[in-house]
Amino acid sequence: MRKPMMAGNWKMNMTVAEALTLTRQINQLVGDSTAVEMLLCPPSVCLHPLKALTSDMPFSLGAQNCHWQDSGAFTGEISPPMLRGLAGYVIFGHSERRQLFGETDETVNKKTHAALAHQLTPIVCVGESLEQNERGETSSTITSQVRAALDGLNGEQVQSLVIAYEPIWAIGTGRAATAQTAGEICGLVRNILREVHGAAVAGTTRVLYGGSTKPDNIGSIMQQPDIDGALIGGASLEAHSYADMVKITAELYGA
Ligand code: 13P
């Protein structure tokens, strides 16, 4: 019912030439299985060449950010209409953008509305810091981030988007959340969706886990009933590890 997704967030890595090479390598390794949605989120300058390269490959493409306005005097930004046709998805609220570039719950919400208005699927990231985690504030942090990000959206819109739970302390640290904890927090996200929009919406929206996922731990993470995929950083930059994660997931889903 919810198609599993392995989403590679390449962050600020890969020149155009490197991106083309990596994508070709991944393509050779994964075959043409359609059981898992394979989403590549390269730097924006790579989207156009990758769109051309992947026309007959089984990949979806996503951007890592965009502005909420259609156009204007916003030096350095790109807009939803610019992404249309190049990307199907766009990531918002990644903790690196919240911490380093001033992203807030409010701008995440504005961007989410704007992306949906232009037929782009938002991947909304939420996650608690180590301090919040240690103070026992994980649930309250996730609840307020999810509610704020999705404020003003209707059930149909919420059903169409993707939410990624990425505890900040697990990102790039090699210290993933345990599968059980990741599953519980993704379950909490689903409960929030159920409270606000009802069981049908909660049962359809895809919820991903991100933070130090790799071939070694993806199997146990993907066995959690409330986890529909992973938002993968470092391990998505290496063709074999990304392809292995896709294959392990496909096997779990019986494909
Ligand atoms: P790592 O997989 O490198 O921990 O990064 C996770 C992440 O931030 C994905 O968006």
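Are any of the residues in region 38-51 outside any helix (DSSP H, G or I) and more than 16 Å from the ligand (Cβ to nearest atom)?
No, that holds for no residue.
Out of all the residues in region 92-130, which are touching a Phe, Trp or Tyr at 6+ places or on another chain (Cβ under 9 Å), over 20 Å from residue 9 (Cβ atoms) and among the charged types (D, E, K, R)?
Correct list: 110 only.
Residues being surrounded by 15 or more Cβ atoms within 10 Å (Cβ to Cβ) and within 14 Å of the ligand (Cβ to nearest atom): count how many of those fall in region 215-226.
Number satisfying all stated conditions: 4.
Select, from 112, 143, the only residue that is open to solvent by 10 Å² or more (accessible area, probe 1.4 Å), among the hydroxyl-bearing types (Ser, Thr, Tyr), in a helix (DSSP H, G or I) and in contact (Cβ under 8 Å) with a residue 40 or more places away in the chain.
143
Between 183, 198, 127, which is modelled with pLDDT of 95 or more, within 14 Å of the ligand (Cβ to nearest atom) and more than 20 Å from residue 67 (Cα to Cα)?
The unique qualifying residue is 127.
For residues that are within 16 Å of residue 10 (Cα to Cα) and open to solvent by 40 Å² or more (accessible area, probe 1.4 Å), tally how many sit in region 42-91.
Here the count works out to 5.
Name every residue in region 94-109 that is within 16 Å of the ligand (Cβ to nearest atom), of a type in the set (Asp, Glu) and not in a loop (DSSP other than H, G, I, E, B), in order of residue number.
96
Conditions: (1) at pLDDT below 95; (2) surrounded by fewer than 23 Cβ atoms within 10 Å (Cβ to Cβ). Residue 239 meets all but one. Number of the miss?
Of the numbered conditions (1) at pLDDT below 95; (2) surrounded by fewer than 23 Cβ atoms within 10 Å (Cβ to Cβ), the odd one out for residue 239 is (1).
Residue check, residue 209 against (1) surrounded by fewer than 22 Cβ atoms within 10 Å (Cβ to Cβ); (2) under 27 Å from residue 157 (Cα atoms), all met but one. Which one?
Unmet condition: (1).
Return yes when residue 137 is at pLDDT 95 or above, closer than 20 Å to residue 9 by Cβ and open to solvent by 20 Å² or more (accessible area, probe 1.4 Å) and no when it is not.
no
Being open to solvent by less than 40 Å² (accessible area, probe 1.4 Å), within 15 Å of the ligand (Cβ to nearest atom) and under 20 Å from residue 106 (Cα atoms) narrows it down to one of 189, 162, so name that one.
Matching residue, one of 189, 162: 162.
Which of the residues spanning region 1-28 are more than 12 Å from the ligand (Cβ to nearest atom), in contact (Cβ under 8 Å) with a residue 40 or more places away in the chain and either open to solvent by less than 50 Å² (accessible area, probe 1.4 Å) or under 19 Å from residue 94 (Cβ atoms) (or both)?
Answer for region 1-28, where residues must be more than 12 Å from the ligand (Cβ to nearest atom), in contact (Cβ under 8 Å) with a residue 40 or more places away in the chain and either open to solvent by less than 50 Å² (accessible area, probe 1.4 Å) or under 19 Å from residue 94 (Cβ atoms) (or both): 2, 4, 5, 14, 22, 26.
Given the structure, is residue 208 within 16 Å of the ligand (Cβ to nearest atom), at negative phi and not polar (S, T, N, Q)?
yes
Out of (1) within 18 Å of residue 232 (Cα to Cα); (2) surrounded by fewer than 21 Cβ atoms within 10 Å (Cβ to Cβ), the odd one out for residue 105 is which?
Looking at each condition in turn, residue 105 falls short on (1).
The values are calculated or read from the model by the stated rules, or taken from the named source; none is laboratory data. This structure is a prediction, so every number in the text was calculated from the model and none was measured. Please note: Cβ atoms are built from the backbone with ideal geometry, for glycine as well, and neighbour counts cover all protein chains shown. When the accessible area is computed, the model is the full protein with side chains, heavy atoms only, and any ligands, DNA or RNA have been set aside. Shrake-Rupley method; radii C 1.70, N 1.55, O 1.52, S 1.80 Å.
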